[in-house]
Amino acid sequence: MKKLLRLRPHHVLCLNYFIGKGYNGEFVENMFNIKHLLCQKPDEKIVIHRGIDCICAACPNNLGTVCRTQEKVAHYDAEVAETCGFTEEIPVLWSECESLVLEKIIRAPGVRGKICFDCLWKTICQQQDVENSVENV
């Protein structure tokens with residue numbers, strides 16, 4: 001049986017904004033590979049998981065069983081899971097999770113900013129939001 005990708009709730013959001021920047025080369029390559037897989041296979045089943053996941057695997061903040069910034073990422077996970085209504089540890093289609101994030105967070109004015117107000121990478125997302133709003137005018 002194929003092992004399903006485990007993704008933290010906030011990583012479902014982050015994958016929508018990933019443009020090849022990250023903590024280091026290993027992290028960027030891992031995140032790129034995961035995003036590429038999910039873009040190629042939107043009907044891939046994943047598992048929403050609030051803990052170390054397939055993206056954390058290559059992150060320098062991964063301390064083995066928790067993140068160095070655990071309090072911050074736990075907040076992101078809780079907010080994204082609650083906002084999108086994610087159920088943890090049950091296989092679900094990537095496309096369903098991505099659609100919920102788009103509808104409930106990305107396209108909902110002010111929601112992403114409320115969730116990610118102190119994120120290290122928020123300027124990347126803000127820039128993409130501006131670019132996307134200009135393209136949709």
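The values are calculated or read from the model by the stated rules, or taken from the named source; none is laboratory data. Here the structure is a predicted model, which is why all the values come from computation and not from measurement. For neighbour counting, all protein chains shown are included, and Cβ atoms are generated from backbone atoms with ideal geometry for every residue, glycine included.
Put simply, of ALA81, ALA74, ALA57 the only residue that is part of a helix (DSSP H, G or I), without any contact (Cβ under 8 Å) to a residue 40 or more places away in the chain, buried (at least 16 other Cβ atoms within 10 Å of the Cβ) and not basic (Lys, Arg) is ALA74.
Rundown of residues vs (1) surrounded by fewer than 11 Cβ atoms within 10 Å (Cβ to Cβ); (2) assigned to a helix (DSSP H, G or I); (3) of a type in the set (A, V, I, L, M, F, W, C); (4) touching a residue at least 60 places away in the same chain (Cβ under 8 Å), yes/no style:
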position	(1), (2), (3), (4)
SER95	no, yes, no, no
GLU98	no, yes, no, yes
LEU102	no, yes, yes, yes
ILE105	no, yes, yes, yes
ALA108	no, no, yes, no
ARG112	no, yes, no, yes
ASP118	yes, no, no, no
ASN132	no, yes, no, no
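Matching residues to (1) modelled with pLDDT under 95; (2) of a type in the set (Phe, Trp, Tyr); (3) exposed (fewer than 14 other Cβ atoms within 10 Å of the Cβ); (4) part of a helix (DSSP H, G or I):
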| site | (1), (2), (3), (4) |
| --- | --- |
| HIS11 | no, no, no, yes |
| CYS14 | no, no, no, yes |
| LYS21 | yes, no, yes, no |
| PHE27 | no, yes, no, yes |
| ASN30 | no, no, no, yes |
| LEU37 | no, no, yes, yes |
| VAL47 | no, no, no, no |
